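Every number in this text was worked out from the coordinates using simple rules, so none of it is lab data. Note that this is a predicted model, so its numbers are computed, not measured. So basically every Cβ, Gly included, is an ideal-geometry build from the backbone, and we count neighbours across all protein chains shown.
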Amino acid sequence: MSLLQRCVFIFASLFTFAFIIKKITRNNLAISDSIVWILWSIFLLIISIFPQIPTFISNVLGFMSVSNFIFTMFIFFMYIMLFYQTIYISQLKGKNRDLVQKLSIKDYQEYLDKKKNKNSR
């Protein structure tokens, strides 16, 4: 890994870490949702400071270059994040459906009560 790549990764990891902490302190991001991003920035910082780690792993796994291994890690990380976002969206859709159904039942009950009150007068 070249010195320029290492510097870019160090800057990116520190920027990501600071950005996530800032979002947490302003209550724009839940801590549970930010843990993965914090761990990712720490991991990126570690492999930037110690380039022997990704070099060793890329050699063991048979990558032609360390850059290919790093890009593969990024793609894998984004794939995992996409999967978790898909799960979260599915859960929100289910909650939204349940909420709409409950609200519809409540509105229908109120409509029946009003209709019943008009007929009883």
Inter-label distance, nm, simple model (7 Å from Cα along the C-beta direction), Asn68/Gln85: 2.8 nm
Out of (i) 0.98; (ii) 1.67; (iii) 1.84, which label holds the value of Cα Rg over 2.2 N^0.38 Å that was computed here? (iii)
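In percent, what relative contact order does the chain have, based on Cα pairs under 8 Å that are 6 or more apart in sequence? Numbers along the way, then the final one.
Values: 49 pairs, mean separation 25.4, N = 121.
For the chain, the relative contact order is 21 percent.
Tell me, what is the FRET efficiency for Leu92 and Lys22 to the nearest 0.05, using R0 = 35 angstrom and their Cβ-Cβ distance as r? Walk me through the intermediate numbers first.
Numbers: r = 25 Å, r/R0 = 0.71.
Efficiency at R0 = 35 Å is approximately 0.90.
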How large is ³J(HN,Hα), in whole Hz, for each residue of region 58-72 in order, when computed from phi with the Karplus curve 6.51 cos²θ - 1.76 cosθ + 1.60 and θ = phi - 60°, using x for Gly and Pro? 5, 5, 5, 7, x, 6, 6, 8, 5, 4, 4, 5, 4, 4, 5
Sum -39500 (n - 2.57) across every DSSP H segment of at least 4 residues in the chain, then divide by the residue count to get the 222 nm mean residue ellipticity, nearest 500. -31500 deg cm²/dmol
